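Novice: Below is the structure I would like to discuss, written out as structure tokens.
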Amino acid sequence: MYRSLIKPLLFRLDAEDAHHLTVAGLELASRVPAWPALARRVTAPATPALTQTLWGRTFSSPVGLAAGLDKNGVAVPAFSALGFGFLEVGTVTPLPQAGNDRPRLFRLPPDQALINRMGFNNAGAAALHAHLSALPHRTAPVWVNIGRNKVTPNEAATDDYLKCVTALQDVADAFVVNVSSPNTPGLRALQAAGELAALVRAVVDGVEAGRVRTLSAPPVLVKLAPDLHPADFEASVDAVVNAGASGLIISNTTLDRAGLTHPHQTQTGGLSGRPLTTRSTELIRAAYRQTAGRTPIVGVGGIFTAQDAYDKIRAGASLTEVYSALVYEGPGLVRRLHTGLSHLLERDGLRSVSEAVGVDA
């Protein structure tokens, strides 16, 4: 139904208008008590083979929702009902901000890609806390992707990340430090090893300091860009691990435009979707080898099929995330990924997804 009816209608709209309409519909569905439970009945549940435990938390599926779709955490029940093993909301900043001028989101259908220059548009940390704290219960872990406000200079960026931690620690199942978006001026400079180590160490220490107040210490993950020079990427990975982060997310959107065919290829912003499939998998493999598999990796970038997700897992990702494919493939994507991953594990004689992590690294 999505491909034949809903998608053609949505694709007639401006990409951002379609995005807002979809999230608004899911927000409304989240408020209907029976809907999430009904949706879960028709969503293929993850099999026991897809279950694993990381950071002391059980994930029923290695397939998660990437940040950017539900920036303000308004549709968590509806997204959870689609079968995701975890959800990443945000990016959130301490203060609300409008983001960059529209148009700022573009589809590239023949390339199965999106370009966005949203600029961390969100309602702020207080609004996200209100939405997440109002949830009666969660069927999947909710991670919070945190960033700095556009008007905050990099010299004061740590303060913004710590404000997010303080405001949201009691409702976050994990924090994701976003230093790799190309749409906030100067942000990617924070990926330099020295600056990154100091920032991550401050966030980890901030979480530890809030442990008594919130009775929780969510793991801290760091999301890196795919455009770093190999030596810089290696240095950033070392900085993240040595600073005490619990995991890596590889990767964010890219500025590369190689191989694109759609006229929107000239638009500025971060590119996501199919063009990132191979590049992100290569970076996952490199990071897994560098860390000797001791730091969990979340693989994201161009996952459209179960084989795409499986390739990332075998390269070293313990978990995966989708975004662009959900736009092109619709809500049935999660079901297809679960079914396909289960078949691939069975084909290879593996009893659990954890046995597949890094076997091709």
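Novice: Yes or no: L162 open to solvent by less than 10 Å² (accessible area, probe 1.4 Å) and either small (G, A, S) or not in a loop (DSSP other than H, G, I, E, B) (or both)? Talk me through it step by step, then tell me what you get.
Specialist: Working: open to solvent by less than 10 Å² (accessible area, probe 1.4 Å): no; either small (G, A, S) or not in a loop (DSSP other than H, G, I, E, B) (or both): yes.
Criteria not met by L162.
Novice: Additional query: Within 18 Å of the chain's Cα centre (by Cα), buried (at least 21 other Cβ atoms within 10 Å of the Cβ) and modelled with pLDDT under 95, is that true of A172?
Specialist: Numbers: within 18 Å of the chain's Cα centre (by Cα): yes; buried (at least 21 other Cβ atoms within 10 Å of the Cβ): yes; modelled with pLDDT under 95: no.
Against the criterion (within 18 Å of the chain's Cα centre (by Cα), buried (at least 21 other Cβ atoms within 10 Å of the Cβ) and modelled with pLDDT under 95), A172 does not qualify.
Novice: Does segment 207-215 contain any residue that is basic (K, R) and either under 22 Å from S354 (Cα atoms) or not in a helix (DSSP H, G or I) (or both)?
Specialist: At the first step, the residues of segment 207-215 found to be basic (K, R) are 211, 213.
Those still in the list that are either under 22 Å from S354 (Cα atoms) or not in a helix (DSSP H, G or I) (or both) too: none.
Within segment 207-215, not a single residue is basic (K, R) and either under 22 Å from S354 (Cα atoms) or not in a helix (DSSP H, G or I) (or both).
Novice: Check off (1) closer than 30 Å to R107 by Cβ; (2) out of contact with any Ser or Thr (no Cβ under 9 Å at 6 or more places or on another chain) for A243 and give me the number that stays unchecked.
Specialist: The single condition A243 does not satisfy is (1).
Novice: Find the residue count for segment 216-262, including only residues that are outside any strand (DSSP E or B) and either of a type outside the set (A, V, I, L, M) or over 24 Å from P185 (Cα atoms) (or both). Show your work before the answer.
Specialist: Initial filter on segment 216-262 (outside any strand (DSSP E or B)): 216-219, 225-246, 251-253, 255-262.
Next, only the ones that are either of a type outside the set (A, V, I, L, M) or over 24 Å from P185 (Cα atoms) (or both) stay: 216-219, 226-227, 229-230, 232-234, 236, 238, 241-246, 251-253, 256-257, 259-262.
Residues in segment 216-262 being outside any strand (DSSP E or B) and either of a type outside the set (A, V, I, L, M) or over 24 Å from P185 (Cα atoms) (or both): 28 in total.
Novice: Just checking, does segment 339-355 include any residue being under 23 Å from A174 (Cβ atoms), touching a residue at least 60 places away in the same chain (Cβ under 8 Å) and outside any helix (DSSP H, G or I)? Outline the logic, then answer.
Specialist: Taking segment 339-355 and keeping what is under 23 Å from A174 (Cβ atoms), we get 341, 352-354.
Now restrict to residues that are touching a residue at least 60 places away in the same chain (Cβ under 8 Å): 341, 352-354.
Narrowing the set further to residues that are outside any helix (DSSP H, G or I) leaves 352.
So far as segment 339-355 goes, yes, one or more of its residues are under 23 Å from A174 (Cβ atoms), touching a residue at least 60 places away in the same chain (Cβ under 8 Å) and outside any helix (DSSP H, G or I).
Novice: Among all residue pairs at least 6 apart or on different chains, which show Cβ distances below 9 Å where the first residue, located in segment 250-275, is touching a residue at least 12 places away in the same chain (Cβ under 8 Å) and on the phi < 0 side of the Ramachandran plot and the second is open to solvent by 60 Å² or more (accessible area, probe 1.4 Å) and of a type in the set (G, A, S)?
Specialist: P275/A258; P275/G259
Novice: Which residue is least open to solvent (accessible area, probe 1.4 Å), if the candidates are limited to segment 231-272 and must be polar (S, T, N, Q) and under 13 Å from T291 (Cα atoms)?
Specialist: The first filter runs over segment 231-272 and keeps only residues polar (S, T, N, Q), leaving 236, 242, 246, 251-254, 261, 265-268, 272.
Pick out the ones that are also under 13 Å from T291 (Cα atoms) and you get 236, 242, 246.
Working: S236: 2, N242: 122, S246: 36 Å².
In this case the residue turns out to be S236.
Novice: Under 9 Å by Cβ, and 6 or more places apart or on different chains, what pairs join a residue from segment 83-105 that is over 27 Å from L162 (Cα atoms) with one that is open to solvent by 20 Å² or more (accessible area, probe 1.4 Å) and part of a strand (DSSP E or B)?
Specialist: Taking only residues 6 or more apart or on different chains, the pairs are R104/N116; L105/N116.
Novice: Oh, and also: Please work out which one of (1) closer than 29 Å to L26 by Cβ; (2) crowded, with 24+ Cβ neighbours inside 10 Å is the condition G316 fails and give its number.
Specialist: For G316, the failing item is (1).
Novice: OK, next. Name the single residue, out of those in segment 319-361 being polar (S, T, N, Q) and within 21 Å of I249 (Cα to Cα), that is surrounded by the fewest Cβ atoms within 10 Å (Cβ to Cβ).
Specialist: From segment 319-361, those polar (S, T, N, Q) are 320, 324, 339, 342, 352, 354; that's our starting set.
Okay, now just the ones that are also within 21 Å of I249 (Cα to Cα), so 320, 324, 354.
Numbers: T320: 28, S324: 28, S354: 17.
Once the filter is applied, the top-ranked residue is S354.
Novice: Moving to a separate point now. Given the condition modelled with pLDDT of 95 or more, open to solvent by 20 Å² or more (accessible area, probe 1.4 Å) and more than 23 Å from R274 (Cα to Cα), answer yes or no: does some residue in segment 87-94 qualify? If you could, list the steps in order and put the result at the bottom.
Specialist: Of the residues in segment 87-94, the ones modelled with pLDDT of 95 or more are 87-89, 91-94.
Right, trim to open to solvent by 20 Å² or more (accessible area, probe 1.4 Å) and you get 94.
Now narrow it down to the ones that are more than 23 Å from R274 (Cα to Cα): 94.
Scanning segment 87-94, I find at least one residue that is modelled with pLDDT of 95 or more, open to solvent by 20 Å² or more (accessible area, probe 1.4 Å) and more than 23 Å from R274 (Cα to Cα), so the answer is yes.
Novice: Out of A315, A286, I need the residue that is more than 17 Å from A15 (Cβ to Cβ) and in contact with a Pro (Cβ under 9 Å, 6 or more places away or on another chain). Which one? Spell out how you get there, then give the answer.
Specialist: Details: A315 fails: in contact with a Pro (Cβ under 9 Å, 6 or more places away or on another chain).
None of the others qualify; the one that does is A286.
Novice: From (1) in contact (Cβ under 8 Å) with a residue 60 or more places away in the chain; (2) in contact with a strand residue (DSSP E or B) (Cβ under 6 Å, 6 or more places away or on another chain); (3) not β-branched (V, I, T), pick out the condition that doesn't hold for A125.
Specialist: Single failed check for A125: (1).
Novice: For a quick check of your reading: which strands (runs of 3 or more DSSP E) sit entirely within segment 1-68 and have at least 1 residues that are touching an Asp or Glu at 6+ places or on another chain (Cβ under 6 Å) and modelled with pLDDT of 95 or more?
Specialist: Working: elements: 52-54, 57-59, 63-65.
Because the criterion is at least 1 residues that are touching an Asp or Glu at 6+ places or on another chain (Cβ under 6 Å) and modelled with pLDDT of 95 or more, the strands (runs of 3 or more DSSP E) in segment 1-68 that meet it are 63-65.
Novice: Hey, among the residues in segment 180-201 that are under 22 Å from the mean Cα position of the chain (by Cα) and at pLDDT 90 or above, which one's surrounded by the fewest Cβ atoms within 10 Å (Cβ to Cβ)?
Specialist: So, considering only residues that are under 22 Å from the mean Cα position of the chain (by Cα) and at pLDDT 90 or above, the one surrounded by the fewest Cβ atoms within 10 Å (Cβ to Cβ) is R201.
Novice: May I pose another question? Hey, does segment 281-294 have a residue that's open to solvent by 10 Å² or more (accessible area, probe 1.4 Å), touching a residue at least 40 places away in the same chain (Cβ under 8 Å) and more than 26 Å from L54 (Cα to Cα)?
Specialist: The answer is no; no qualifying residue exists.
The values are calculated or read from the model by the stated rules, or taken from the named source; none is laboratory data. In this text the structure is predicted, and so the values were computed from the model without any measurement. Ideal geometry is used to build each Cβ from the backbone, glycine not excepted, and the neighbour counts take in all protein chains shown. Areas reflect the complete protein model, heavy atoms only, side chains present, ligands, DNA and RNA absent. Shrake-Rupley method; radii C 1.70, N 1.55, O 1.52, S 1.80 Å.
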